[in-house]
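The values are calculated or read from the model by the stated rules, or taken from the named source; none is laboratory data. Source: prediction; values computed, not measured. Positions of Cβ are generated from backbone atoms using ideal geometry, with glycine treated the same way; all protein chains shown enter the neighbour counts. In case anyone asks, the SASA skips ligands and DNA or RNA and just uses the protein heavy atoms, side chains included. Shrake-Rupley method; radii C 1.70, N 1.55, O 1.52, S 1.80 Å.
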Amino acid sequence: MAPQTQREWHPAFEEYCEAIFELREDDVAVIQARIAERLDVSRPAVSEMIKRMEKSGIVTIDAGSIRLTEDGLTLAETVVRRHRLAERFLTDMLGLSWADAHVEAGRWEHVISPTVEAAMTRALGDPTTCPHGNPIPGTDYNAPDTVSLDQLLIGAEFVVSRIPEELEFTPGLLEFLERSSLLPGHKGTVIATSGPAGADGTTVEIDGQLVEIDEFASTRILVSAL
């Protein structure tokens, strides 16, 4: 994606557009309550900000559901692209952990210029996903056929495809997934679909270790069956 002049928005607008984009990407209802949870702010604060965004023409509201306008989508894709490029740069080039890269990228996404964005893209070899497998907007990403991990039967082999953004915001989960080798491209086998992980959890063998995954994560981690 070549550098181009873009309108500058307040960082708060960028944060909200990013949250709305990612909630919809994860098939989570885009309502004020979910935005408040994602951004860890109060419902009144979200209500006030959404009113400002609606007035600025970057969101619309229909029966309580919040949608990005064309301008809002453009802004969201720009911020998400820079966040995911930053995560890739911080992990691939600087060796940061998933969790640290996620936090740092949240800062970088607001200050990366189009020129730096283009340079990072060249340095990284034009990646199509972030380290967690989520697509980088503006690339030629082709989504593989995936199912959630909990849908596989015992004995099924799989390759991890994607860790949705919803899991990135769960405290401690990124550290657990990275430590457990539940990384995009890694292959595993389903060992059990119940047990210590929880009544509806999943146990897998991956990279020579047994990993117990609770229901919340196993219903969201996306894998490709082998």
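Selection of first residues in the stretch 159-174 that are of a type in the set (Gly, Ala, Ser) and of second residues that are open to solvent by less than 10 Å² (accessible area, probe 1.4 Å), restricted to Cβ pairs under 9 Å at least 6 apart or on distinct chains, gives the following pairs, ordered by first then second residue: Ser161/Gly133; Ser161/Ile221; Ser161/Val223. Here the condition is being out of contact with any His (no Cβ under 6 Å at 6 or more places or on another chain), of a type in the set (Phe, Trp, Tyr) and more than 23 Å from Leu75 (Cβ to Cβ); of Phe169, Phe158, it holds for Phe158 alone.
Looking only at the stretch 98-126, count every residue that is open to solvent by 20 Å² or more (accessible area, probe 1.4 Å), of a type outside the set (Ser, Thr, Tyr) and assigned to a loop (DSSP other than H, G, I, E, B) and tell me the total. Residues flagged as open to solvent by 20 Å² or more (accessible area, probe 1.4 Å), of a type outside the set (Ser, Thr, Tyr) and assigned to a loop (DSSP other than H, G, I, E, B) within the stretch 98-126 amount to 4. Would it be correct to say that Thr170 is assigned to a loop (DSSP other than H, G, I, E, B), of a type in the set (Ser, Thr, Tyr) and assigned by the TED database to the domain that holds Ser218? Judged against the criteria, Thr170 is a match.
Of note, Val204 does not satisfy the criterion of being buried (at least 16 other Cβ atoms within 10 Å of the Cβ), assigned to a strand (DSSP E or B), within 16 Å of the chain's Cα centre (by Cα) and not assigned by the TED database to the domain that holds Asp40. Report, by residue number, each residue of the stretch 149-191 that is in contact with a strand residue (DSSP E or B) (Cβ under 8 Å, 6 or more places away or on another chain) and either of a type in the set (Phe, Trp, Tyr) or at pLDDT below 90 (or both). Phe158, the sole residue that qualifies.
The rows are residues; the columns are (1) in the same structural domain as Phe21 (by the TED database); (2) within 19 Å of Gly138 (Cα to Cα); (3) at pLDDT below 95; (4) open to solvent by less than 80 Å² (accessible area, probe 1.4 Å).
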| site | (1), (2), (3), (4) |
| --- | --- |
| Arg38 | yes, no, yes, yes |
| Val41 | yes, no, yes, yes |
| Ala76 | no, yes, no, yes |
| His83 | no, yes, no, yes |
| Thr91 | no, no, no, yes |
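Of all residues assigned to the stretch 54-62, at least one qualifies as being open to solvent by less than 60 Å² (accessible area, probe 1.4 Å), within 13 Å of Glu18 (Cα to Cα), touching a residue at least 24 places away in the same chain (Cβ under 8 Å) and outside the structural domain of Ala118 (by the TED database).
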